[in-house]
Structure formats: structure tokens, C-alpha cells
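The values are calculated or read from the model by the stated rules, or taken from the named source; none is laboratory data. Just so it is clear, the model here is predicted, and its values are computed rather than measured. Here the Cβ positions follow ideal geometry from the backbone for every residue, glycine too, while neighbour counts run over all protein chains shown. Ligands, DNA and RNA are excluded from the accessible area calculation, which covers all protein heavy atoms including side chains. Shrake-Rupley method; radii C 1.70, N 1.55, O 1.52, S 1.80 Å.
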Amino acid sequence: MRIIAVLLIFCFASTVFSQDYKFGKVSKEELQEKFNPKDSTANATYLYKKRYTYFQYDQGEGFRLMTDVHERIKIYNQEGFNYATKQLRLHVSSTGSREELTSIKGYTYNIIGGKIEDFKLAKDGIFESKLNKYNNQVKFTMPNIKPGSVVEYKYTIKSPFVSTVDDFILQHNIPIKKLDAKFEAPEYFTYKMNTKGFLPIRPKNTKANGKITFVNKTRTSGSIRVASRTSFSTSEVEYSKNISIFNLENIPALKDEPYVNNINNYRSSVAYELSFTKFPQSTIEYYSTTWEDVVKRIFKSPSFGKELNKSGYFEDKIDALIDKVSNPAIRMTLIYNYLKSQVKWNGFYGYYTDEGVKAAFKNNTGNVADINLMLTAMLRYAGLKANPVLVSTRKNGIPLFPTREGYNYVVTHVRLPEGVMLLDATSQYSTINVLPLRTLNWQGRVMAEHGGSELIDLYPKTISKNIVSMLLNLDEEGNLKGKYRSTKTNHKALSFRKQYNSLSKDDFLAKLDNKYNGLEILDYKVENDYDVSKPIVESYSFIKENQADVVGDKLYFSPLFFFKTSESPFKLDKREFPIDFGFPSKTTYRISISLPQGYKVEYHPEQVVMKLPDNLGGFKYNISSKGNLIQVIISTELSEPIVSSQYYDAIKSYFNDFIAKEGEQIILTKI
């Protein structure tokens, strides 16, 4: 990201909401715009984005959090059509309280016959669905979309959850020409503002007066001569409001980059965290101001702590399973594998249980919390030191500030004499200390049995390996026949199993054929595809034509042939984001190439060793030839799962250099 450019074009105004973007007043100039003048690569642009979040007092209900949204988007081409669809998540509590979406109104604008025509968002274009126990979804797609359209919509969300304010998103994957945002809270609610991202964010803070009007009803008793009467009176309570205003212009798009765990971690936004409330004639009530507060609130929830401590539904099964087994590590493995085989994940995330651990055990299915809280309880019953670990998945982002919404997943932590073990029984192909990739996101928070918490690194330390052996025969026309065998461990094995077992063998081979552009595969075999205790072993024979350039009496080819890396993923001059590889890895190729009869080696590349700074990884290239045989050993290693952006230049240079080396050619000549 070009920070200097961002600072120059990112503007702040000092006025309140502009009236230049009144709903329904779309101009011909907006419709005729062919591209964003500040970013010609953008497929769409927010012409205007407005959000106003405030409090409304409803007599009998109390304060409610209101959010008014108005957005106008220009769509330049077909790739921008997805910005004509909006998805909104509405929270539902365990007690039945829920967020409500009201006042949806939207239009698509097109120029037809030289005139602006509008097409209204109809009710049948709005879809409501239940995502899970705690979330509903409303989705709508604007009608009559085509390149050049402008879409505009507005809506209001009414929420009873005053402690949870959705983040103010100030940057998107497309540019924003003008953004107005305002957050307004009564003096009774004290919020702390947290910001993230690389853009400078400086709100204008001000105050205003608010007023609550109460309507009082009094009914007098009647008598024989006088009828009863109902009289009404009003009373008012005045209070002050704290207001933050953001007026921004020409906000650049946030461009995604390779090896970023979640681009939203770096998206400029503002989060308001409720610190405490203080109402008249009442004491201060503190909310989630520290992670310890968050942990305590989660643990006290009936869907967490109570479920974790439930018993009487698995004990006889575990007793039979670990009878006469005293070794803690073996006990852990037996229970872990048993639960994975008995209770399957239903695909839903969450650190709160859905139907509950007993129902999940009985029905053989449950969400993440159902399964991993059950695992924790079983391991504790077996005498192991097991605790739940709160996790934020890669898609959920990094929990920078102490809120319950910062986490959306839970795994299990076990402390053994051999060290710390992390387990996730929702993943069919995970093993101990090999968590699914979705959970490898910086740090988790271990919840101690008697209160308190500590952070733990979620990234694995053990290197995942892919060792490839190939016996190749090259003929004088440049065609290649060979035998391929690879052995994959840890996360490389997990990734392969997940992909291979999700497809039929024919479909998997079709994808492999497509990946290598017409590779003819024979005798394809996979060993240990479901046995996660062993490495994946993949083997096959293959034929690939035109793998050497024939020029006169010479042959030119790279010793990695079609397996070589074609281009570097790192093309930007600078990078602000950490480089997240997910897990440490090493790939090694051991290749034996038989030369065509009547040829000898005229030239082969030199051996080389490259090293990244601070032991971050390296590249080794060894090659030798004798008679009609060439032996090659090539290895690339990344020893750290995540690398600071300060090493970007070194990483970029490393990738460019080893890719160039892999591409260097061997030259054969006729004898």
C-alpha cells in the first residue's frame, strides 16, 4: 500500500453531513462515468456512503440502538455486479431478543434513450434466512443491473444490544468518493473508540442536548354520579449526547495481497466498545473493558461454562475406552480419535453450544462448541489438564480489542509432560497439534479451569513436508516419461486429504490434468488417504510431451520441467501487511533424469545455496551428471509461518531468485 499517496488524497472536512447526495437524486454525470478517475482499475465505486448510529428511547423498552444506512454505488463493468447485492447479519440472543431491519428502500438507475430510468427494489428481491441459532440474514439484490448502472439503497437496523456497536467500516475493496459517518450516544453510555488500519482517522467530537418525553396515564375511580376518567400527562428528562463525526473523501481501495490471512485485519475502521453505563440514581455497571472480563462473561454463559461441566452422558464410554491405559498421551489420543469418529461437525462455528453437548453426543452431530467443549470435558474426566481455547478464525480476523465478538471458535488445550497439545475434533483430517488452517490465526486465549486466561500461539512449530521423488526418461524429441512419488506430512497432508477425499478419483485426476496442462496420468494411487496417523503417499506414472526445446542437435530443458514455479506472488514494490504462510513448510525434489541415447550433458546450472535473514528459510540447488544420468536435489524451506513486513524485500528477492534458478536450463548435445 502506498501510504504517502494515501495521506495526500485522504481528506477530512469539518462540516456535518453533506446534502449533496440526497436519496433519489442521481445525476447523469454519475451514470455516464466510465471509470474512477483516481483508480481506473476499480470495478465499482462508492459514490456515497453514509451511516448514522444513535440511540432511541422507547417507553416500556428503554434505549435501543438505531443505525441508518444510505449507500450509492457506481458499477463500471460486469466484475462489479457483486456490489449490487447486500447481505446483512442480524443478531438473535439466547433469550429471544433480536435485531430488526426496517425501511428498506432501493433503486437501480440506468440511462435509457438518453433519460434516467429507475427500477425499484421489490419485496420479492429481499430474502430472509436463519444462519444459526444466534444470527439471521437479510439479503437483497438490486434489479436491472448492467455496466454503467448506479445502485442506491437505504435501511435502518434497530437493535436492543446497546453494548454491541457494529464497526464503522471506513475502507472497502473499491474506492469511496465521499463518506459521512456519525456516532451519537447519551451521557449514560461511555464508549471507548478503537481504530485500526493504515489510514489516519481523526473524528470531530462534539456534544448536543437530548430529551426523553414520558407519557403518564392516570385513571381516576368513578362513583355512582361521576364516571371514571383517564387523564394523560407528560414529563421530560434532558441529557447530553456525545457525538463523533467522520467526513472523509477520496478513500482509496484496500487492495488484497498474496499471503494475507485476512485483509479485514488491515481495513481502516472504528470500533466502539461499551466501557460502562451510569444512569441517574444508580451505580456504575462495567462492561467488557479487559480480556479477563470477556473471559468471565463467556464462561458464565449457560451455553459455555454450564455445558462444559455437564456429565452423565459419556462416562461409561470413556471408562471402557481407556480402561487399563495409564499413559496420559495415549489416553488423550484414544479419546480424541473416539470423539472424531462419533460426533460430526455440522459446519457451524461458535464458542457457545447450539443444541448442547448431551444432544450433540446423542445425535452424533454438533457445532464447534458442542464438539470441542465435549472433548475438553472428556479429557478432564480422564485426568488430563485440559482447557478450552478461544479462537478467532482467519475469516473472523484478529481480536485486537477486548470484546466477546473478537472470538468465534473454540479448540482444546492439553498440557502433558511432553509439552502443550492443541486439538480440534471438528476436523476429520486434523491431528494433535495439526489444527485446520481456518484456526491458524495468531493467538488463542486459554481459559483456565478456575478463572483467568493466557495467550497461546496457534501457529505450528513443526515443519510440514512434501518430499517428491521422480525417475524420468527424456527422449530425443523432448517427450518425457516418468514415475512420481510424493510423501506429505502435517498440514500438507491435511490439505491434500481435504481436497482429494472431497472429490471422486476421476474428478481429482481431471483437476490434476488441468493443473499440469494435459498431463497423461497412469496407475494413480494414494496411500493413507483416511489414516491421519501416517503421511500421505501419492504415486503415479505419467507421460508429458514437448518438455524440452529441440534446436538443431541440442535439447534445452529445466530439470523441474512442468513442476517448476512459474512466477512470484510478490509483485508490489512495498508491503505494509505481514506475510502469512500459515505454517512452516519444506518441499524437496529428488530427481533422476535418464538422457536420450546418443546425447551428453553440455551444460548444467551451478549449485547454489540461498538463505533468508534470521533463519527464515532457504533454497538449495544441487545438480550433478555422470554418463547418461542427471541427479538433481532442490529444496525450498520457509521456517516461520508468519513473517513481518520488514522482511518483504528479502522475501520478494528470495522468491524471484529461486524461481529464476528453477528456470535455468540444462543443455544436451548429440555425441
>> Leaving out ligands and nucleic acids, and using a 1.4 Å probe, what accessible area per residue does the chain come to in Å²?
In response: 50
> At q = 0.11, 0.13, 0.14, 0.20 Å⁻¹, what base-10 log of I(q)/I(0) does the Debye formula yield for segment 291-457 when every alpha carbon is treated as an equal point scatterer in vacuo?
Replying inline: -0.39, -0.55, -0.65, -1.40
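Which FRET efficiency, nearest 0.05, do Thr213 and Leu31 yield, Cβ-Cβ r, R0 35 Å?
Efficiency at R0 = 35 Å is approximately 0.20.
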> Can you give the three extents of the C-alpha atoms in segment 30-185 along their principal axes, from longest to shortest, in whole Å?
Replying inline: 53, 32, 26
> Rounded if a/c is under 1.5, else prolate if a/b beats b/c, else oblate: with a ≥ b ≥ c from the C-alpha gyration tensor eigenvalues square-rooted, which is segment 464-670?
Replying inline: oblate
>> Name the residue from Ala253, Asn36, Thr85 whose Cα lies farthest towards the positive end of the charge dipole of segment 21-277, charges +1 on Cβ of Lys and Arg and -1 on Cβ of Asp and Glu.
In response: Thr85
> Once fully extended, how much extra length lies between Thr234 and Tyr381, figured as 0.36 nm per residue of separation less the alpha-carbon to alpha-carbon distance?
Replying inline: 46.8 nm
> Measuring from a point 7 Å past the Cα of Lys554 along Cα-to-C-beta, which residues in segment 587-607 have an amide N at less than 15 Å?
Replying inline: 600-605
>> Expected output is a single nm value to one decimal: the length gained when fully extending between Arg89 and Val609, i.e. 0.36 nm times separation in residues minus the C-alpha distance. What is it?
In response: 182.0 nm
> Which of the GluC sites (Glu not before Pro) across segment 53-100 are loop residues per DSSP, with 10 or fewer other Cβ within 10 Å?
Replying inline: Glu61
> What FRET efficiency would be calculated for the residue pair Phe508, Lys204, taking the C-beta separation as r and a Förster radius of 60 Å, to the nearest 0.05?
Replying inline: 0.55
>> As an exercise, identify the chymotrypsin sites (Phe, Trp or Tyr not before Pro) in segment 526-602 lying in DSSP coil whose Cβ has no more than 13 other Cβ atoms within 10 Å.
In response: Tyr530
> Taking the Cα centre of the chain as origin and charging only Cβ (+1 Lys, Arg; -1 Asp, Glu), how large is the dipole, in debye to the nearest 20?
Replying inline: 1700
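At a threshold of 8 angstrom on Cα-Cα distance, excluding pairs fewer than six apart, so keeping six or more, what relative contact order does segment 464-670 reach in percent?
25
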>> Counting other C-beta atoms within 10 Å, and keeping those with at most 13, which DSSP coil trypsin sites (Lys or Arg not before Pro) do you find in segment 552-650?
In response: Lys571, Lys574
>> I'd like the FRET efficiency for Asp573 and Tyr530, computed as 1/(1 + (r/R0)^6) with the beta carbon distance as r and R0 of 30 Å, rounded to 0.05.
In response: 0.05
>> Along each principal axis of its Cα atoms, how long is the chain end to end? Whole angstroms, biggest number first, please.
In response: 127, 80, 46
> Sorting Trp291, Trp442, Trp345 by accessible area (1.4 Å probe), largest first, what list results?
Replying inline: Trp442, Trp345, Trp291
> How much length is gained on full extension from Leu522 to Thr462, taking 0.36 nm per residue of separation minus their Cα-Cα distance?
Replying inline: 18.3 nm
>> Considering only protein heavy atoms and a probe of 1.4 Å, how much of the accessible area of the chain is carbon and sulfur, as a whole percent?
In response: 48
> Counting alpha carbon pairs within less than 8 Å and at least 6 residues apart, what relative contact order, in whole percent, applies to segment 525-642?
Replying inline: 23
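Write down Rg/Rh for segment 124-221, rounded to two decimals, with Rg from the C-alpha atoms and Rh from the Kirkwood relation over Cα pairs.
Dividing the radius of gyration by the Kirkwood radius yields 1.06.
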> How much space per residue, in cubic angstrom, does the convex hull of the C-alpha atoms of segment 308-370 take up?
Replying inline: 93
>> Can you give me the solvent accessible area of Met66 with a 1.4 Å probe, rounded to the nearest 10 Å²?
In response: 20
>> So for the chain, averaging the separation of alpha carbon pairs under 8 Å that are six or more residues apart and normalising by length, what relative contact order in percent results?
In response: 9
> Hey, which of these cross-link pairs are over 20 Å Cα-Cα: Lys564/Lys661; Lys300/Lys362; Lys481/Lys620; Lys611/Lys661; Lys158/Lys204?
Replying inline: Lys300/Lys362; Lys481/Lys620; Lys158/Lys204
> Based on the Cα coordinates of segment 581-671, what is the per residue volume of their convex hull in Å³?
Replying inline: 87
